[in-house]
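Here is the structure we will look at.
The values are calculated or read from the model by the stated rules, or taken from the named source; none is laboratory data. Bear in mind the structure is a predicted one, so any value in this text is a computation, not a measurement. Virtual Cβ from ideal backbone geometry, glycine too; neighbours counted across all protein chains shown. Please note that ligands, DNA and RNA were not included when accessible areas were found on the heavy atoms of the full protein model with its side chains. Shrake-Rupley method; radii C 1.70, N 1.55, O 1.52, S 1.80 Å.
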Amino acid sequence: SEITDPRERISFILAAYNVGLGKVLSARERATKYGKNPNKWSGNVGYYLTRRSLKDPKLPADSATDLSTDAGAGRFVEDILDRYQHYRNNIPE
């Protein structure tokens, strides 16, 4: 399904830029599998991109070798959004 909320879309776009679209799509599938909203980043798809599920501790093959990269995706998204807010607040229009 399509992510219609503009703020959520930005988080997904930043994560896909950072770790690749395939990993973000895989995390959306895991979020759906465990009853989370696949169109919401924080606490939903972001969680499944960066952490193993307690219900499914075995990582999918596509992320088993790049866990450290995936773990940084959540921080990357938050860092970029924080930096954007900082600049937006400090640069006059």
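Structure notes:
- Pairing each residue of region 23-36 that is in contact (Cβ under 8 Å) with a residue 12 or more places away in the chain with any residue that is open to solvent by 80 Å² or more (accessible area, probe 1.4 Å), provided the two are 6+ apart or on different chains, yields C-beta distances under 7 Å for 34/55.
- Residues located in region 32-62, provided they are at pLDDT below 85, closer than 20 Å to residue 81 by Cβ and open to solvent by 70 Å² or more (accessible area, probe 1.4 Å): 51
- Test: residue in region 11-21 that is part of a loop (DSSP other than H, G, I, E, B), at pLDDT 90 or above and of a type in the set (A, V, I, L, M): no
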